[in-house]
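Student: This structure is in structure tokens; I'll ask about it shortly.
Each reported figure results from applying straightforward, stated rules to the coordinates on display, with no laboratory input. The shown structure was predicted, so the numbers you read here are calculated from the model rather than taken from an experiment. In this analysis, Cβ positions are derived from the backbone assuming ideal geometry, glycine residues included, and neighbour counts consider all displayed protein chains.
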Amino acid sequence: MRNPFLALVRAGTQTLTQSFPDLPTEATGLPTVTAASCRGCGACVAGCPTQAIVVAGDEVTLDRGRCLGCGQCVRCCPTGTLAEERATRTAVRTRAELLLSNHPGPRTPSAALPLLRRSLHVREVSTGDSAGDLEVIASTNAQFDVARFGVHFVASPRHADALLVTGPVGRGMREALLRCYAAMAEPRLVIAVGTDAISGGLFRGGYAEANGVPTDLPIAAYVPGAPPHPWSIIHGLLLAMGRD
């Protein structure tokens with residue numbers, strides 16, 4: 001009979017000790033906007049499948065809330081104005097922080113939300129993003145171990161402090177999401193994980209009205225990517241807790 005204690009000893013520690021490292025070489029990072037001047041050729045605009053890029057003269061604006069991370073804009077940019085970013089700290093607290101430009105204007109720092117700094121009970125609501133769901137599951141495994149940060153997933157919104165939403169929230173799922181939110185006790189948070197949850201992604205503007213989390217829900221953190229890396233999801237959870 002196998003000895004479980006010996007199996008644990010032989011396996012050793014599996015949890016990653018470095019938090020939020022850069023992405024490995026085999027992974028594709030999200031695009032970012034550099035200070036390089038743009039020629040205004042519009043190749044990035046033509047190549048973007050979700051209309052996440054706007055070019056006006058030499059100014060480029062990238063909306064990470066719509067970006068799929070396909071990398072097409074980086075490949076076709078002749079000036080290096082758009083480049084790949086390999087960081088995993090990609091979550092933000094406000095929708096405006098997802099708009100990147102090579103001519104950034106003044107920006108008011110987002111305020112922390114120190115409501116639940118020590119622990120957070122999360123109920124995931126999936127509205128149709130299997131890839132995002134798998135990355136959320138990965139954040140709970142032995143390597144990433146989101147529980148060490150005080151984050152625990154629960155089965156009912158009545159036991160939750162936060163709703164973690166994945167998927168584009170089509171018309172058929174909107175009422176279910178709102179009912180989950182209504183069942184929560186105050187204080188309560190909403191975290192939009194993935195491009196679909198933030199803006200609808202490829203589904204935006206379609207007949208199903210799948211345009212992401214409804215704007216009447218207060219979102220505490222946005223995690224861009226399609227799907228986001230587990231470290232980015234953990235970063236978003238910590239932002240919502242006011243710990244980053």
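Student: When the chain is fully extended, how far beyond the present Cα-Cα distance does THR215 get from ALA46, taking 0.36 nm per residue of separation?
Tutor: 58.0 nm
Student: Could you check which residue among ALA162, ALA183, ALA147 shows the biggest mean-square fluctuation in a GNM of the chain with a 10 Å Cα cutoff?
Tutor: Among ALA162, ALA183, ALA147, the largest mean-square fluctuation in the Gaussian network model of the chain belongs to ALA183.
Student: Also: GNM on the chain, C-alpha springs below 10 Å: top fluctuator among GLY201, GLY225, GLY172?
Tutor: GLY172
Student: Just rank THR166, THR195, fewest to most, by other beta-carbon atoms within 10 angstrom.
Tutor: Placing the least packed residue first, the sequence is THR166, THR195.
Student: Which Cys residues of the chain have no other Cys Cβ less than 4.7 Å away and so no disulfide-compatible partner by this rule?
Tutor: CYS38, CYS41, CYS48, CYS67, CYS70, CYS76, CYS77, CYS180, each lacking another Cys Cβ under 4.7 Å.
Student: Another question about this same structure. Return an integer: the convex hull volume of the alpha-carbon atoms of the chain, in Å³ per residue.
Tutor: Looking at the chain, the number lands at 152 Å³ per residue.
Student: In 5 Å bins starting at 0, how do the alpha-carbon pair distances of region 30-101 split up by percent?
Tutor: Cα pair-distance distribution for region 30-101, in percent: 3, 19, 31, 27, 14, 5, 0.
Student: Give, to the nearest whole percent, the P(r) tail of region 120-241 beyond 23 angstrom, counting all Cα pairs.
Tutor: When all Cα pairs of region 120-241 are counted, 21 percent exceed 23 Å.
Student: With springs connecting C-alpha atoms under 10 Å apart, model the chain as a Gaussian network and identify which of GLY205, GLY69, GLY29 has the largest mean-square fluctuation.
Tutor: GLY205
Student: For THR81, THR127, THR140, which order do you get if you count the other beta carbons within 10 Å of each Cβ and list the fewest first?
Tutor: THR140, THR127, THR81
Student: Here's another thing I want to ask about it. Write out the trypsin sites (Lys or Arg not before Pro) in region 32-73 meeting two conditions: DSSP loop, and at most 16 other Cβ atoms within 10 Å of their Cβ.
Tutor: Those satisfying the criteria are ARG39.
Student: Taking the number of other C-beta atoms within 10 Å as the exposure measure, put VAL193, VAL151, VAL169 in order starting with the fewest.
Tutor: Least crowded to most crowded, the residues run VAL151, VAL169, VAL193.
Student: Right, another one. Helix 171-183 against the longest principal axis of the chain: what's the angle in degrees, Cα atoms only, rounded to the nearest 10?
Tutor: 50 degrees
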